[in-house]
1. So, in the stretch 26-55, of the ones that are among the hydroxyl-bearing types (Ser, Thr, Tyr) and within 15 Å of ligand 2 (Cβ to nearest atom), which residue ends up least open to solvent (accessible area, probe 1.4 Å)?
2. Let me confirm something: among SER58, SER94, SER76, which residue is open to solvent by 70 Å² or more (accessible area, probe 1.4 Å) and either within 16 Å of ligand 2 (Cβ to nearest atom) or at positive phi (or both)?
3. Across the stretch 272-290, what is the number of residues that are over 18 Å from GLU247 (Cβ atoms), under 26 Å from the mean Cα position of the chain (by Cα) and among the charged types (D, E, K, R)?
4. Here is a check on your reading of the model: is ALA179 open to solvent by less than 60 Å² (accessible area, probe 1.4 Å), among the aliphatic types (A, V, I, L, M) and modelled with pLDDT of 95 or more?
5. Using the structure shown, decide if ALA162 is in contact with a Ser or Thr (Cβ under 6 Å, 6 or more places away or on another chain), closer than 26 Å to GLU247 by Cα and open to solvent by less than 10 Å² (accessible area, probe 1.4 Å).
6. Do we have THR306 as more than 14 Å from GLU354 (Cβ to Cβ), touching a Lys or Arg at 6+ places or on another chain (Cβ under 8 Å) and either open to solvent by 50 Å² or more (accessible area, probe 1.4 Å) or in contact (Cβ under 8 Å) with a residue 40 or more places away in the chain (or both) here?
7. Of the residues that make up the stretch 343-352, is at least one in a helix (DSSP H, G or I), under 23 Å from PHE292 (Cα atoms), modelled with pLDDT of 95 or more and open to solvent by less than 60 Å² (accessible area, probe 1.4 Å)?
8. With respect to LEU146, determine if the residue is more than 16 Å from ligand 1 (Cβ to nearest atom), modelled with pLDDT of 95 or more and not basic (Lys, Arg).
Amino acid sequence: MRIIGHLDMDAFFAAIEERDNPRWRGFPIVIGADPQKGSGRGVVSTANYKAREYGIHSAMPISQAWELSQLAEMQSKPPTIFLEPNMARYAEVSQSIMEIVRERAPQIQQTSVDEAHFDLSFTDSYKKAAKICGQIKKEIKEKEKLTCSIGLGPNKLIAKIASDFQKPNGLTIVEEKDAETFLEPMPIRKIPGIGPKTEIIFKNLGAQIVKDLKKFSEARLVDMLGKWGLELYEKIRGRDDSPIISEEEIKSIGEQETFVKDTLAANHIFERLQNLAKSVIERLAKDGFKNFRTIVVIVRFADFETKSRSRTLEKPTSHLSILQFEALKLLTPFLDKRSNPRQKLIRLIGLRVEKLST
Ligand code: TTP
Ligand code: MG
């Protein structure tokens, strides 16, 4: 069973400013370009929840945000604090938050300055996963004095939408059996990938909410949107098998295989290694890389002792035959007395390429 979490900080830039400047606490705060009393150009980066009550939101022209703040003041509402962003500061806070998550969920993919997906499948229970999320929220609150919202679901898509469901300071759990119904009443824009243009196309065809999109057959969606139509067909049904790709995995591409039975049979091991090399080369191209320079072979023995050997080539390459040849050279010593004096059986072999280039 997969259990995926998605964390999204609440009013991130504004919350940091509010925390760091106690005198502005409780006031509407807008982070963005200088409004220059209404003549400023540029846009709003974010607004805290008080400012959102005035109708101010991300990506709005800063001049319009200024007008809305003036309008509110005329109605005797509190004045709005306008601030320019301090990106270096926000990046620092972001890093420390990601560390808090990483400690409890090492398999993590940061997707923006204030968002990350992380894998909690290892808990094998939504109850346990929710407990971990509670701990993450608590630690972020204690250490960084900030709140976040977390969604838990069977995949990245549901987790992301769930994190947005009860903002701010929410924790929303959507189990696999409920995922499809959870999505049905949502406006179609909630599905990542449906932007303003696609929204208009579908609205013109009478589809406002996710449930309405289910009228369209797979073939029709492909007709309208190409390959993305196929993905959309799955997504609106709550299905998404995209993996969490951690940073280490981005920098290298690897495959491994655990043998059905521990073995030292050279012909069998070599054959499996050749196959791993094929999968690695296929993934290299699929992940958008051209060449690799370093080859790493990993061997895990029956007693779980694990060793690796690597070689960095003079020149980058993308050739399967070179990978197979070099991998074979790296692996062979583990089969004979040179690197395996006690002739231990092998449980698993892995092959990885590094120093990737595009
Ligand atoms: P979001 O998570 O989209 O927004 P948020 O954290 O401010 O508010 P919410 O509680 O709804 O999650 O974006 C994170 C930060 O990224 C945000 O604080 C500022 C920045 N940002 C921009 O600079 N421009 C934008 O258009 C958006 C959407 C965000
Ligand atoms: Mg956010």
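The values are calculated or read from the model by the stated rules, or taken from the named source; none is laboratory data. The structure presented is a predicted model; accordingly, all values stated were derived computationally and were not measured. Please note: Cβ atoms are built from the backbone with ideal geometry, for glycine as well, and neighbour counts cover all protein chains shown. Please note that ligands, DNA and RNA were not included when accessible areas were found on the heavy atoms of the full protein model with its side chains. Shrake-Rupley method; radii C 1.70, N 1.55, O 1.52, S 1.80 Å.
1. Pass one, the stretch 26-55, residues among the hydroxyl-bearing types (Ser, Thr, Tyr): 39, 45-46, 49, 54.
Then drop every residue that is not within 15 Å of ligand 2 (Cβ to nearest atom), which leaves 45-46, 49.
On the way: SER45: 48, THR46: 16, TYR49: 72 Å².
Top of the filtered list is THR46.
2. Only one candidate passes the filter, namely SER76.
3. 3
4. Values: open to solvent by less than 60 Å² (accessible area, probe 1.4 Å): yes; among the aliphatic types (A, V, I, L, M): yes; modelled with pLDDT of 95 or more: yes.
Judged against the criteria, ALA179 is a match.
5. Working: in contact with a Ser or Thr (Cβ under 6 Å, 6 or more places away or on another chain): yes; closer than 26 Å to GLU247 by Cα: yes; open to solvent by less than 10 Å² (accessible area, probe 1.4 Å): yes.
Answer is yes for this residue.
6. Considered against the rule, which asks whether it is more than 14 Å from GLU354 (Cβ to Cβ), touching a Lys or Arg at 6+ places or on another chain (Cβ under 8 Å) and either open to solvent by 50 Å² or more (accessible area, probe 1.4 Å) or in contact (Cβ under 8 Å) with a residue 40 or more places away in the chain (or both), THR306 comes out as yes.
7. First pass over the stretch 343-352, keeping only residues in a helix (DSSP H, G or I): none.
No.
8. Here the answer is no, as LEU146 does not meet what is asked.
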